[in-house]
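*Asks:* The structure under discussion is supplied below as structure tokens; questions concerning it will follow.
The values are calculated or read from the model by the stated rules, or taken from the named source; none is laboratory data. Nothing here was measured: the structure is a model prediction, and the numbers come from that model. Methodologically, a virtual Cβ is constructed for each residue, glycine included, from the backbone with ideal geometry; neighbour enumeration extends over all protein chains shown. Heads up: the accessible areas ignore ligands, DNA and RNA and are worked out on the full protein's heavy atoms, side chains in. Shrake-Rupley method; radii C 1.70, N 1.55, O 1.52, S 1.80 Å.
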Amino acid sequence: MAYDSDFDLFDEQRVEEADDTNEKKSSSSSSSSSSFSTDNKKNNPKKNNKKNKKKRKRAKNMRSSHERIKKWRESLQAELDLNDERRNNKEEGEKQGQGEKAGSSAQSCSVEDWMKNPVLPERVHRDFKRVFDPSLPLVKIAQFLPTAVAEVAMAEMSSSRLSWTVAEASTDKGKRSEGAGSTQHKYYVSDGRSGGSGIRSSSTSVSEAIIASILSLLPDQPGAFQVGKYTEGCFIEPHDDVGYKQIRRRTPSRSAHHHDAATTREGVLASTVHSTAVARHCRDVAVVLYFTKDWEKSMGGLFTDLHAGGVQHVPSFNSLVAFKVPRMHEVSKMFANRPRYSIFGWFYRPAPRRKRKKKKKKKKK
């Protein structure tokens, strides 16, 4: 077969051109397909939703974990704060207990130990000094004694260990002009000395130890106190407590001024004093300490403050009432068929000198 060279050359050129065009098409088609695939990936909602769901789920899990950690931290902090509060309360309680123990050894010791050293807390001494404040004419102190001591004292008073004598206007000793028997009254008194086998320390009854503790409130002033008992029908009419008593003064000896150990916070020791002449004293501060539980107004025997317009004070167990003399008051009539116990008395101060009336000389005629 004869070949036409021009024809063959044309065919070869055409084939090469066709190959070039095919290559261009293939390259263009491949690029277009790749761009289509990327666009398809971007614009595919199903795949995007799955990814978004995963992201949202991951974010939700992270938020929940953060919330759990936050709650755990809050609970842990609350527990730590609670522990700190408990520890602080415990420390405050221990400090308060130590302070009460330092103020009064009777709070943490037995009644026998307190009787050997009948010391009152500092708060009692501080509150009692308010009786000299004219803006507070009547002072009331709750929980005056350690509760155990007050309980034993009430038991001692209600037993047959104390001997009682009736006190009436007709039995009062002293001059009427000085307050003795000037007011109608009736009640029973005792010196507080126990005649039985009650709790005693150094031959001292509980009542005597309590009287000694009351005397320590004003150590520089003499005092006279006794145990009182009100039964049905007992009373005291209105009066101002003005009264006088002959008391032997006690002054420090010369040797006491040369020894620092001779004086204490309570005053001059008994071993460093000597007695002088008897002097006239007047009542300065009146004190009543109650030892009856569950008392009601209808039972009577109420302290009525006439100076304050007739205010009535119901006796409260282990509470003390003090006021400056003179002060008008009364004790209402008793209606209860059970006794009401107390320790009462007065602190004294030197009475002012009375002016003597000059006798007029008769003129001689």
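*Asks:* Please go through region 132-154 and pick out each residue that is part of a helix (DSSP H, G or I), open to solvent by 50 Å² or more (accessible area, probe 1.4 Å) and in contact (Cβ under 8 Å) with a residue 12 or more places away in the chain.
*Replies:* F132, T147, A148
Rundown of residues vs (1) at pLDDT 80 or above; (2) in contact with a Phe, Trp or Tyr (Cβ under 8 Å, 6 or more places away or on another chain); (3) part of a helix (DSSP H, G or I); (4) under 25 Å from T292 (Cβ atoms), yes/no style:
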site: D113; (1), (2), (3), (4): yes, no, yes, no
site: D127; (1), (2), (3), (4): yes, no, yes, yes
site: R130; (1), (2), (3), (4): yes, no, yes, yes
site: M157; (1), (2), (3), (4): yes, yes, yes, yes
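*Asks:* Next up: Search region 332-346 for residues that are within 13 Å of K293 (Cα to Cα) and in a loop (DSSP other than H, G, I, E, B) and pair each with any residue that is at pLDDT 95 or above and of a type in the set (V, I, T) when their beta-carbon atoms are under 6 Å apart and the residues are at least 6 apart or on different chains.
*Replies:* What qualifies is P339/T231.
*Asks:* Could you tell me whether any residue of region 296-304 is in contact with a Gly (Cβ under 8 Å, 6 or more places away or on another chain) and polar (S, T, N, Q)?
*Replies:* Within region 296-304, one or more residues are in contact with a Gly (Cβ under 8 Å, 6 or more places away or on another chain) and polar (S, T, N, Q).
*Asks:* Moving on to the next point. Determine which single condition S298 fails, assuming it passes every other condition in (1) part of a loop (DSSP other than H, G, I, E, B); (2) in contact (Cβ under 8 Å) with a residue 24 or more places away in the chain; (3) open to solvent by 20 Å² or more (accessible area, probe 1.4 Å); (4) of a type outside the set (K, R).
*Replies:* (1)
*Asks:* Hey, another quick one. So, I214, is that one surrounded by 14 or more Cβ atoms within 10 Å (Cβ to Cβ), assigned to a strand (DSSP E or B) and either aliphatic (A, V, I, L, M) or modelled with pLDDT of 95 or more (or both) or not?
*Replies:* No; evaluated as a whole, the condition is false for this residue.
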